[in-house]
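All of the numbers you see were taken from the coordinates with simple rules; none came from a lab. Being a predicted model, the structure only gives us computed values, none of them experimental. Every residue, glycine as well, gets a Cβ built from its backbone with ideal geometry; the counts of neighbours run over all protein chains shown.
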Amino acid sequence: MQHAHGAETEHDRIREIVVVSGKGGTGKTTLTACLAALAHRKVLADADVDAADLFILLEPTIERRWEFRSGAKATIDKGLCTQCGECAALCRYGAISPQYAIDQIDCEGCGLCARYCPAGAITLEQRVAGEWYLSRTCYGPFVHARLGIGEENSGKLVSVVRHYARVTAEERGYGWIIVDGPPGVGCPVISSITGSSLVLIVTEPTLSGIHDMRRVADLASHFGVPSAVCINKWDLNREVSADIAECCRSRRIPVVGKIPYDRTAMQALVSRRVLVEYDPRCEASIEIRASWERVQALVQGSASGDGE
Amino acid sequence: MIIAVASGKGGTGKTTIATNLAACLDPPVQLIDCDVEEPNAHLFLRPVIRASSEVSLPVPRVDLSKCTFCGECGTFCRFNAIVAIGSQVLTFPELCHGCGGCVRVCPHNAISESSRVLGTVEEGVSGGVQYVGGRLRIGESMSPPLIRAVRSKASSKGAVILDAPPGTSCPMIASVKGVDYCILVTEPTPFGMNDLVLAVEVVRSLGIPHGVVVNRAGWDRGEMEGLCRREGLEVLLTIPDDRTIAEAYSRGEMLVETHPGYRERFLGLYERIRRHVEASCSTRTAQKQSMIG
C-alpha cells in the first residue's frame, strides 16, 4: 500500500496482479511463471517468502541483495540475572524457561521483560530475519526474498518485496507487476493483496479447493480488492468445477480460465521449464494464454465481467 | 504420542496423510487441524461438531478520563499498536500482540484490556476419531496464538495426529514445536524437493524426529530418492501418482476407503513411527539416567 506521494497517476498506471489460491499446490507458481513469459514490460515478484519456488523456473541472477532486519528477541545476561522471576511472571508467551533462558521461538520481542527486569539483565536485539534480492531473469526484473527458517514477520518482508517491485516498475516505466502469492489467508497473504489491482485465485475442482477459494475470495473482498478465478485441472471433477463457477457467479467474480488436467504441466515442471514455453501447443498452454488475455481485458476495464 | 504432518510446499497431501492415518487407528485417536487459515481435514472426516468456542487476544482499551496523553504506552509498544498524538490515543488492535505492556507501563492506570477475536476452535467426533480444528477469522493476520489454542486441546491418551499448515515460518513452527514425530509430505517435483529441504531444516533445528512420505511418485528420475539418501531421510511411505486417487480426493473421499491396501499401508506407517518414537524415548531416558548416575 505504498502510494507514492504526488504520483497517483504513476501508481494507477501500473497494474499489479497477485496470484493466490488459499489452498497450496493448486498451481500458483506454474501459472505465475507462465504469466511471466506472456506479459510484456513487467516486474516479477515472489511474495511466498517462506517457501519460495518461483526462482526455480525463472533462474534469476542476483544483482543486489539486502538484509531484512525485523523484529527483536530478548536475551538474558546470565552474569547480571538474579533469578528473581519477574520476567517469567510478566511474559505472556511462556518464553522464559525455569533456567532463565529465553526461547527464541516463543519470544515475540515485546520488550516487557527487558523493561521490568530489576537487574537490567535483559536486552532486546534486532534480528536479521531474512534477505531480499533484485535479480535479472530472461523474463525481466525479479524481486524475491528468503525468510530465515522459522522467522516471523513474513508480512513485513512481503511488503518490502512488493514495494521494491513497484519502485522497479516505476523506474523502468513498466506497466505490470506479476506477484506469486503465498497460500493461506493469514499475515503474508494480507500483505500480498492489499492495494493490488487484481487478486487472481487459482483453484482446483476439489472440495478443499472450493472451500479454500471461498475463504481467500472473502479475504479479497474484505480488503476491497477485485478478484478473478482460474480453475486449474478443471476436468478432474466437472461437478465441483460447476459448483466453483456457480459460486463465482453468485459472488460476481469472473472466471478467467479453465485449464484442463494436462500431464504436460507436470512434465514441464520436472524439467524446470515454464509450461507455455515447454509446449506452447498443449491444451493447458492454449488455455493459459487465453486466460492472460482475459485478465488483461479485465484489469484494463474493457471486459464485460463474466470472462466467458 | 503426537505426530505432526507437515510439508514446506502446500498441496502435497498433508491432509490426505493426516486424515487417513487417523481413520485407520484404534481409539483413542485424535485429529487436530492446525491449518487454521485453510482448514480442510473436516471435509474428509465430516465430524459431528459438539462444541465451538471463540479464541481471542487481549488488546488495549483506553479510559480517556484517566489518560494524560503522556505517550508512555506508544513509546513502549514495539508493534505500533497504540500511539498518543496530541490529545488523542489511537489504538490499532490488529497490530497488537497482546503482551499487556501498555497496561503495565501506563502511569495513570488508564489502560485496561478488551479482546480481539482471532477465530474459533471446534471439537467433534467422526467415527472413532476425536476431531479438533481451528478457523482463523477472515481479515485476521495472526494465526500462531489460535494454533496454540487448538493444540492445547491435544489429548494425553492415544495417538494425536496433527495436520500442520504449509510453509516454514511461525504458523508451521507453532504447529510442530514439541511434537514426538513429524511426517514431511512431499512430491517429486523441483518445488517439492526445494521445500522439503527447508522443512527438514526446521524440524532438525527443533530436534524433532522425522521421516518422509513421497506423494504423486513416479515423475522424477530418482532425484527424490537421491535427495533422501543424501539428507539421510527415511522414506516411510510412497504413494504413486494416480488420477483415480486425485479424483477420490476431489470428492472428499478417504483413500483408505476407496483404494484397497491403503489401510494396511497406513497402519504400517504408524507402526514404524511408533517404534521410532519409543526407541528415541528410551534413548533419552537412558541418557538422562546415565547423566544422573
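Overview of values
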{"quantity": "Peptide B:248-260, shielding by other chains (average Cβ, 10 Å cutoff)", "calculated": "3"}
{"quantity": "Residue list for region B:78-98, given a label point 7 angstrom along the Cα-to-Cβ vector of B:SER65 and an amide N cut-off under 20 Å", "calculated": "B:87-90"}
{"quantity": "FRET E, pair A:THR82, B:ARG230, Förster distance 35 Å, beta-carbon r, rounded to 0.05", "calculated": "0.15"}
{"quantity": "Projected label distance in nm at A:ARG41 and B:GLU264, using a 7 Å step from Cα toward the beta-carbon", "calculated": "6.4"}
{"quantity": "Inverse mean reciprocal Cα-Cα distance (Kirkwood Rh) of the protein assembly as shown, Å", "calculated": "25.2"}
{"quantity": "Most mobile of A:GLY27, A:GLY173, A:GLY94 in a GNM of chain A (Cα contacts under 10 Å)", "calculated": "A:GLY94"}
{"quantity": "Rg/Rg_ref, chain A, where Rg_ref = 2.2 N^0.38 Å and atoms are Cα", "calculated": "1.14"}
{"quantity": "Cα gyration tensor, region B:1-53 - rounded (a/c under 1.5), prolate or oblate", "calculated": "oblate"}
{"quantity": "Among B:LEU57, B:LEU236, B:LEU95, residue whose mean-square fluctuation peaks in a GNM of chain B (springs only between Cα atoms under 10 Å)", "calculated": "B:LEU95"}
{"quantity": "Entries in A:LYS28/A:LYS233; A:LYS23/A:LYS258; A:LYS23/B:LYS9; A:LYS156/A:LYS258; A:LYS23/A:LYS233; B:LYS14/B:LYS177 that, when Cα-Cα distance is taken, lie over 22 Å", "calculated": "A:LYS156/A:LYS258"}
{"quantity": "Partner chain coverage, peptide A:105-115 - average Cβ within 10 angstrom", "calculated": "5"}
{"quantity": "Most to least packed among A:58-69, A:196-207 [average Cβ atoms within 10 Å]", "calculated": "A:196-207, A:58-69"}
{"quantity": "Radius of gyration, Dmax [region A:6-123; alpha carbons; angstrom]", "calculated": "22.8, 64"}
{"quantity": "Antiparallel DSSP beta bridges within the protein assembly as shown, percent to nearest 5", "calculated": "50"}
{"quantity": "P(r) of region A:14-68 over all Cα-Cα pairs, binned every 5 Å from zero, in whole percent", "calculated": "4, 15, 28, 27, 17, 9, 1"}
{"quantity": "Kirkwood Rh (inverse of mean 1/r, distinct Cα pairs), region B:172-223, angstrom", "calculated": "11.6"}
{"quantity": "Computed E for B:SER280/B:VAL125 - FRET, C-beta separation, R0 30 angstrom, nearest 0.05", "calculated": "0.45"}
{"quantity": "Spherically averaged projected area of region A:234-293 from its Cα convex hull (nm²)", "calculated": "4.4"}
{"quantity": "Cα→Cβ-extended label distance, 7 Å offset, between B:ALA246 and A:ARG64, nm", "calculated": "4.1"}
{"quantity": "Region A:205-264: equivalent-ellipsoid semi-axes (sqrt of 5 x gyration tensor eigenvalues, Cα, Å)", "calculated": "21, 11, 10"}
{"quantity": "Zero-based 10 Å bins, Cα pair distances in region B:160-288, whole percents", "calculated": "11, 38, 38, 11, 1"}
{"quantity": "Largest-first ellipsoid semi-axes for region A:177-219, taking √(5λ) over the Cα gyration tensor eigenvalues, angstrom", "calculated": "19, 11, 9"}
{"quantity": "Spin-label pair A:TYR116/B:VAL103, simplified geometry with 7 Å Cα→Cβ offset, distance in nm", "calculated": "1.0"}
{"quantity": "Most to least packed among A:255-264, A:13-22, B:42-51 [average Cβ atoms within 10 Å]", "calculated": "A:13-22, A:255-264, B:42-51"}
{"quantity": "Interchain or long-range residues, amide H under 5 Å from B:VAL185's placed H", "calculated": "B:ALA6, B:SER7, B:VAL213"}
{"quantity": "Surface/4 estimate of mean projected area, convex hull on alpha-carbon atoms of region B:1-159, nm²", "calculated": "11.2"}
{"quantity": "Helix-only [θ]222 nm of the protein assembly as shown, DSSP H runs n ≥ 4, -39500 (n - 2.57) each, per residue, nearest 500", "calculated": "-11000 deg cm²/dmol"}
{"quantity": "Square roots of five times the Cα gyration tensor eigenvalues for region A:130-237, Å", "calculated": "26, 17, 14"}
{"quantity": "Amide H contacts under 5 Å for A:ARG69, placed H, 5+ residues apart", "calculated": "A:ALA129"}
{"quantity": "Fraction of antiparallel bridges per DSSP, region B:178-293 only, in percent to nearest 5", "calculated": "0"}
{"quantity": "FRET efficiency, A:GLN300 to A:VAL128 (Cβ-Cβ, R0 41 Å, nearest 0.05)", "calculated": "0.50"}
{"quantity": "Cα-based Kirkwood hydrodynamic radius, chain B, one decimal, Å", "calculated": "21.0"}
{"quantity": "Under 5 Å, built H, 5+ apart or other chain: amide partners of A:ILE177", "calculated": "A:ARG15, A:GLU16, A:ILE17, A:VAL43"}
{"quantity": "Cα extents of region B:133-187 along the three principal axes, largest first (Å)", "calculated": "35, 30, 16"}
{"quantity": "Shape category assigned to region B:1-93 from the gyration tensor of Cα positions, a/c cut at 1.5", "calculated": "prolate"}
{"quantity": "Region B:54-130 - Rg and Dmax from Cα coordinates, angstrom", "calculated": "16.7, 60"}
{"quantity": "Cα Rg, Dmax, region A:166-308, angstrom units", "calculated": "15.5, 47"}
{"quantity": "Partner chain coverage, peptide B:141-147 - average Cβ within 10 angstrom", "calculated": "4"}
{"quantity": "Selected from B:CYS34, B:CYS67, B:CYS228 as most flexible by GNM, with chain B as the system and alpha-carbon contacts under 10 Å", "calculated": "B:CYS67"}
